[in-house]
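Written below as structure tokens is the structure these notes are about.
The values are calculated or read from the model by the stated rules, or taken from the named source; none is laboratory data. Quick caveat: nothing in here was measured; it's all calculated off a predicted structure. Cβ placement follows ideal geometry from the backbone for every residue including glycine, while neighbour counts extend to all protein chains displayed. Heavy atoms of the whole protein, side chains included, go into the accessibility calculation; ligands, DNA and RNA do not. Shrake-Rupley method; radii C 1.70, N 1.55, O 1.52, S 1.80 Å.
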Amino acid sequence: MDTFPKCCVCQQQFTLKGPAPYLLPCLHAVCETCVTSTAGGVISCSTCQRKVNLTDTRLQKDAVRQKEMFHLTVKHRPTEILCTNEDDGNQAVCWCQECEDFLCEYCQNMHGSVKLTRKHVLQNFSDMEPTVSNIPAFCSIHKHHLLYLFDKSCKKLICVKCRFDDHADHEVVELDVVADTVTKQLNHNTDELSALQARQQSHMQSIRQGTESTDRTHNTLKETIGHTFQSLKSQLDQREKELLIDLESQTKETKATLHAQLTTCEEEWKTCTGVLDYIAKVLLYASKSDLVELESYVGDITRIYLETAAPQTYVVPTAVFISNSLSTLKSNISVFGAILPREVDEESVKDKDTQTDDDFMADLAMKHKMCIEEKETTEKRASKTMDVLLGVARECGVHLLKSELVDRSMVLKCIHLKYDKDRVNLDTVHINTQGDLVNRESDTRPAGEGRLKKYDGTSSTAPLPRAGCPQYWEVVNRVSLDKPLTGQVLILEVGVCREEQRDVSHCINHIGALPSSCCMQVAHCPTHGGICRRTCKEWKRVLCLPDTLPNSAGASHTLHYGVVYDDTRKKIVFIDVKENKVMSTLDNVDSSQPLWPMFGVYNPDYVTVSMTLVVGSDINMTEEKKAMIVKALS
């Protein structure tokens, strides 16, 4: 019976006939046993850890908990209640509120037959509900007088006789009046505490949201840090490969030169050795007449070799690894990046998907405002600070579309999209070791649920965040035609759609032909008789532009496209990065539900396609590209 209240010291349950409960100032109850046996006169409440000195505090019996135990016992332990009318040991079955007695069946019948008690209202245990008894008690001094007055000075109930005896000069009011006043005060306290509790509930909710936001920020920053340092590692690896290639090339060239010189020197040495050998034989075998005749032959050949410049000692060119910038690079790496704590207000926790860029841009706006307001003597330093902040922003893939205006609508996030490797349709495409999406089925077929079955491609790992500012990503496509295209053969597609729309067949449908979806495709176009770029939105083809890719076997091309998504302006913009122009701007994009980026590559019988996703700081954000985006969004 955990519903029964417990003593806040010994943790024993209160019972109807057990030690009486006493009320502590903290409104928790302590049993009479603990009150009388407390060492040192100090009680420590185990519920709230508050200490009460019984020397300074007079405890009163907890009448509320006594009545609570009364009703709990009637409800949960009725067999423990015995008749108190005759104390005959019989089990009680009802309660007389006027007599304040439990009655057995016999006493119940007798109660109804006696004239003095026949009008008393008896309550059966099964029908009893907690009620407030308004029957006044009798005075302990004047036995036959009811306690219906309250002495404000003595703070106690008194009867009318007490009023004129010991309380004649005191301020006395009727019990009903003071009870009504206390009831109103308790109702007021209830309202105030309920309002406080509601505020506490709201505050707890905001703390929970803050915890969730902190987790999201942690995951975002962890991904950003991982991507940043992976990029740095990739650049270091690439630089290492370049240096090793340079070293191999230089070593090969030096060894080739040395080999050529060694061969020449060896041949000259052999010739010189031959002359020396012949002179030795002349001196050994030739007569004086032979010597005279051979003098011109030997003398001429000797002069030729002696007049030839003697070979110099060859100084081998030594390759040197120049690392004079290494200390600077190490110093820069040691201070690169920082994780800074910052205050996150309730509104930002509630409305924003990620705190990283929001708080960063708020700080950027504040810094920019400070730059404007600072005096001329500090403008140079403020400008330098702004340049540093903008440099850090660019490293994080955040750009200001207009450098003179720090506003959320002018902030462009080069978001860190990723192909969802666990959702790739392996029957038609795969992701190779370089991380590119290729229109060939996978050689290996890893098991896993949730893969696309109809769509020839994959989605991103997460939907686009509702960032309140433009978001941008790019795809670089290497396309080679194996044979001329006919009809409406698709080559590739990039677009957005809702979560439930991701798995569709391009033979019947495509991403841009679904409600709330948009896409840009490269495909053969019967209308123009060649390969075109077309944009589609919600069942309708918006635009069809001829491409420069020739429709002939063996033709290859690199197609580079950018996508801008702005949930605030409800726009999607498709950009041809190579041609440096906007292909199409789609308005009134339905962003009421999260949209997922989609990537498709098609028809391996006709064409070979490799699609690379370019995101974050890997994007080359030029001023021309910014101007195009601003114009398209305006």
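Here are the numbers for the structure shown:
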| item | result |
| --- | --- |
| Angle between the chain longest axis and helix 355-373 axis [Cα atoms, degrees, rounded to 10] | 80 |
| Label-point gap, in nm, between E267 and K75 - each point 7 angstrom along Cα→Cβ | 11.6 |
| Over 19 Å (Cα to Cα) - which of K75/K115; K540/K571; K413/K537 fall in this group | K75/K115; K413/K537 |
| With all protein chains modelled, accessible area of D127 [1.4 Å, Å²] | 100 |
| Nearest-0.05 FRET efficiency for V177 and E129, computed from C-beta distance (R0 35 Å) | 0.80 |
| Sites matching GluC sites (Glu not before Pro) across region 95-131 that sit in DSSP coil, with at most 14 neighbouring C-beta atoms within 10 Å | E98, E100 |
| Value of [θ]222 nm, deg cm²/dmol, for the chain, DSSP H segments ≥ 4, -39500 (n - 2.57) each, nearest 500 | -12500 deg cm²/dmol |
| Global geometry of region 87-198, whether rounded, prolate or oblate, following the gyration tensor of its Cα atoms and the 1.5 cut on a/c | oblate |
| Length gained when the stretch E32-R541 is fully extended (0.36 nm per residue, less Cα-Cα span) | 174.7 nm |
| Tensor-based shape of region 479-627 (alpha-carbon gyration tensor, a/c under 1.5 rounded, otherwise prolate or oblate) | oblate |
| Cα gyration tensor category, rounded, prolate or oblate, for the chain with a/c compared to 1.5 | prolate |
| Using alpha-carbon coordinates, inclination of helix 326-335 to the longest axis of the chain, degrees | 20 |
| Accessible surface of region 133-195 [probe 1.4 Å, protein heavy atoms]: carbon and sulfur percent | 55 |
| Ranked packing of 484-493, 210-219, most packed first, by mean Cβ within 10 Å | 484-493, 210-219 |
| With every protein chain in place, region 1-107: carbon and sulfur % of accessible area (1.4 Å) | 48 |
| Loop sites in region 270-300: chymotrypsin sites (Phe, Trp or Tyr not before Pro), DSSP, at most 16 other Cβ within 10 Å | none |
| Ranking by accessible area, most exposed first, for C48, C104 with a 1.4 Å probe | C48, C104 |
| Solvent-accessible heavy-atom area per residue, rounded to whole Å², over the chain at 1.4 Å | 62 |
| Crossing angle, helix 63-76 versus the chain [Cα axis fit, 0-90 degrees, rounded to tens] | 80 |
| Solvent-accessible area, 1.4 Å probe, carbon plus sulfur percent, for region 518-618 | 50 |
